Amino acid sequence: MEQIARSPKQIGAAVRRRRRTLKLSQSDLGAKADLRQATVSALENGKPGTQLRTLIDALAVLGLEMAIRERSRADKEIEDIF
């Protein structure tokens, strides 16, 4: 399933949804990605300062990837939906 995320909080929410779908705890994800549980929590909460490498490692463990594309135009801003 493709998801659009335009903010750190939306990216974090997508990571959380996938982690829960896979029935992994934050500690489980952290162990598989060589991250601390607190780092996973910060990523999922959209905290500033998350390193790109941290995000990429977590996405790989979750079987996800990022795609970069032009922003879609809509009558309603995607941020207003969430």
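The values are calculated or read from the model by the stated rules, or taken from the named source; none is laboratory data. All values reported here derive from a predicted model rather than from experimental measurement. Using ideal geometry, Cβ is built from the backbone for each residue, glycine included, and neighbour counts are taken over all protein chains shown. Keep in mind that these areas ignore ligands, DNA and RNA; they rest on the heavy atoms of the full protein, side chains included. Shrake-Rupley method; radii C 1.70, N 1.55, O 1.52, S 1.80 Å.
Structure notes:
- Scope region 43-73; condition closer than 18 Å to Arg17 by Cβ and small (Gly, Ala, Ser); matching residues: Gly46, Ala58, Ala60, Gly63, Ala67
- Within region 1-54, the set of residues being within 26 Å of Arg73 (Cβ to Cβ), open to solvent by less than 70 Å² (accessible area, probe 1.4 Å) and either assigned to a loop (DSSP other than H, G, I, E, B) or not β-branched (Val, Ile, Thr) (or both) comprises Ile4, Ala5, Arg6, Ser7, Gln10, Gly12, Ala13, Ala14, Gly46.
- Scanning region 1-26 for residues that are charged (D, E, K, R) and within 12 Å of Met66 (Cβ to Cβ) yields a total of 1.
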